[in-house]
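Note sheet for the following structure.
Every number in this text was worked out from the coordinates using simple rules, so none of it is lab data. Because the structure is a prediction, the values reported are computed rather than measured. All Cβ positions, even for glycine, are placed from backbone atoms using ideal geometry, and neighbour counts span all protein chains on display.
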Amino acid sequence: MNIDNLVTMANQIGSFYESMPDHKKSLHDIADHIKKTWEPRMRREFLAHVDANQTASGLSPIVLESVLLNRELF
């Protein structure tokens with residue numbers, strides 16, 4: 001799986017939820033959406049990328065925050 005595609009998809013998900021009024025729920029919903037719609041291999045590669053490149057991962061701030069706060073959902 002191409003990590004650039006995963007980052008792009010995660011940022012699109014984050015963009016949708018970022019407009020929601022409840023920030024805390026948005027963070028949970030981003031992680032929940034990824035868990036429900038991505039296959040395990042995609043999630044593993046995505047998390048490995050985040051772990052290796054947190055500050056330069058290419059993720060939007062809300063997606064990175066979601067991953068860091070809700071890792072157990074992934």
field: Reachable aspartates and glutamates, given that their alpha-carbon falls under 14 Å from the alpha-carbon of Lys24 and they are not under 8 places away in the same chain
entry: Asp32, Glu65
- request: Taking semi-axes √(5λ) of the Cα gyration tensor in Å as the quantity of interest, determine which of (1) 32, 15, 8; (2) 18, 13, 11; (3) 22, 13, 10 was computed from the displayed structure.
  value: (2)
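Calculate the dipole size of the chain relative to its Cα centre from +1 charges on Lys and Arg beta carbons and -1 charges on Asp and Glu beta carbons; express the result in debye to the nearest 20.
The dipole magnitude comes to about 180 debye.
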message: I need the calculated FRET efficiency for the pair Asp22 and Asn2, taking r as the beta carbon distance and R₀ as 25 Å, to the nearest 0.05.
response: 0.20
